[in-house]
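Student: Dropping a structure here in structure tokens format, bear with me for questions.
The values are calculated or read from the model by the stated rules, or taken from the named source; none is laboratory data. Since we're looking at a predicted model, the values are computed, not measured. Cβ coordinates were reconstructed from backbone atoms using ideal geometry, including for glycine residues, and neighbour counts include every protein chain displayed.
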Amino acid sequence: MKWIKNTGKFILKISIILLVTLSILELSYRYQWIDYYSFEWEYQNPKTETKPSSEKILVFGDSFSAEPNSWVNQLKKDSNNFLIFNASIPGVGPETFNLLMNERIDEVDPDKVIIQLYVGNDLYDIKKPVNWSEFSINRNLFWTFSNRFRVLNFFNYRMGQVSYDIIDTVDVKTSKAFDSKFYSTRTKLFIHGDNHYPQNVISLSQRKLDEFNRLIVYLKKMEETSTVPVYVVIIPHCAQVHTFYRDCYLELGADIQSELSKSNKWSIHLSQNGFNVIDPLFYFRELEKNGERLYFENDPHLTELGQKELARFIIKYFE
């Protein structure tokens with residue numbers, strides 16, 4: 001019996017040490033005592049000569065904005081009126097942007113700030129989709145703890161794992177024709193945990209309103225931090241844009257409405273809360289009607305054409 005008691009004491013001590021260590025790391029992350037994303041910042045913003053009389057724009061975004069052929073880099077190439085600074089990081093959302101806002105604004109002193117949102121997963125970044133009946137115990141435990149200790153998401157990201165410990169074995173952005181076997185593993189995971197995805201985030205169902213309201217809180221904090229105009233770019237989910245993608249999601253097992261919505265709930269709610277919204281949804285729909293494929297067939301990200309058209313839409317908005 002004595003060894004059981006000693007083992008229990010040892011486990012308790014280790015648990016306390018781990019909890020204290022995790023709490024300290026969490027504080028350092030939330031207050032950015034060190035710049036956790038300095039590598040991404042330096043990589044996205046190599047030293048360049050300042051363009052004369054150009055407006056400085058600071059961009060916060062996720063993988064849509066951080067990719068090499070992103071709309072942000074298209075803006076850098078296509079417009080002489082803007083000097084772009086890219087603070088985008090794959091796999092993060094407004095909660096992380098809010099942590100970095102002060103330091104990035106101090107470094108850049110921008111004339112405008114753009115915050116890029118993505119309808120497909122920004123609410124899942126705020127609250128991981130724990131589902132004990134569908135996901136493994138390990139996944140649910142990790143997501144439960146990472147909903148409270150955000151630094152765990154950083155470590156997961158830094159270890160080179162694509163978001164929720166998922167790595168696609170096939171490059172879904174190069175496999176052209178839609179095939180449910182090859183579609184983005186992360187997306188199939190969302191559908192597996194909730195077959196109403198992506199309808200619940202597109203329509204802002206009652207179960208997602210709490211997360212959306214938290215997103216608005218983060219955006220308001222960023223707006224208060226900035227002394228210059230803040231603009232919110234909403235990248236729509238592909239299933240909002242054309243029935244081709246909607247039908248793909250039906251084949252993946254998603255319970256999604258049969259007709260495309262005539263409005264964008266995200267855009268409406270953000271506008272009602274006083275934000276400057278840049279919404280390319282209906283522009284994208286017109287392009288898709290003409291046979292243009294703006295999204296990959298096996299991944300919900302924008303193709304190179306989609307990125308270029310988004311950049312063109314944003315340039316037109318400002319110019």
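Student: Keeping to the range 238-253, report how many residues are surrounded by fewer than 20 Cβ atoms within 10 Å (Cβ to Cβ), among the aromatic types (Phe, Trp, Tyr) and over 14 Å from residue 291 (Cα atoms).
Tutor: Result for the range 238-253: 0.
Student: Something else: Can you tell me which residue in the range 65-112 is surrounded by the fewest Cβ atoms within 10 Å (Cβ to Cβ), limited to those that are among the acidic types (Asp, Glu) and under 18 Å from residue 38 (Cβ atoms)?
Tutor: Step one: list which residues in the range 65-112 are among the acidic types (Asp, Glu), which gives 67, 78, 95, 103, 106-107, 109, 111.
So of that shortlist, the ones also under 18 Å from residue 38 (Cβ atoms) come out as 103, 106-107.
Working: 103: 15, 106: 8, 107: 14.
Restricting to residues being among the acidic types (Asp, Glu) and under 18 Å from residue 38 (Cβ atoms), the top hit is 106.
Student: Working only within the range 224-242, note down all residues that are among the polar types (S, T, N, Q) and either touching a strand residue (DSSP E or B) at 6+ places or on another chain (Cβ under 7 Å) or at pLDDT 95 or above (or both). Break it down into steps so the answer makes sense when it comes.
Tutor: Within the range 224-242, the subset among the polar types (S, T, N, Q) is 225-227, 240.
Result: 226, 240.
Student: Out of (1) out of contact with any Asp or Glu (no Cβ under 9 Å at 6 or more places or on another chain); (2) surrounded by 14 or more Cβ atoms within 10 Å (Cβ to Cβ); (3) in contact (Cβ under 8 Å) with a residue 24 or more places away in the chain; (4) not in a loop (DSSP other than H, G, I, E, B), what's the single condition that is false for residue 120?
Tutor: (4)
Student: Within 21 Å of the chain's Cα centre (by Cα), over 24 Å from residue 70 (Cβ atoms), surrounded by 15 or more Cβ atoms within 10 Å (Cβ to Cβ) and basic (Lys, Arg): which single residue out of 220, 173 fits that description? Quick ask: steps written out before the conclusion?
Tutor: Details: 173 fails: over 24 Å from residue 70 (Cβ atoms).
That would be 220, the only listed residue that is within 21 Å of the chain's Cα centre (by Cα), over 24 Å from residue 70 (Cβ atoms), surrounded by 15 or more Cβ atoms within 10 Å (Cβ to Cβ) and basic (Lys, Arg).
Student: For the range 1-46, what are the residues that are surrounded by 10 or more Cβ atoms within 10 Å (Cβ to Cβ) and assigned to a loop (DSSP other than H, G, I, E, B)?
Tutor: Within the range 1-46, 32, 33, 35, 36, 37, 45 qualify.
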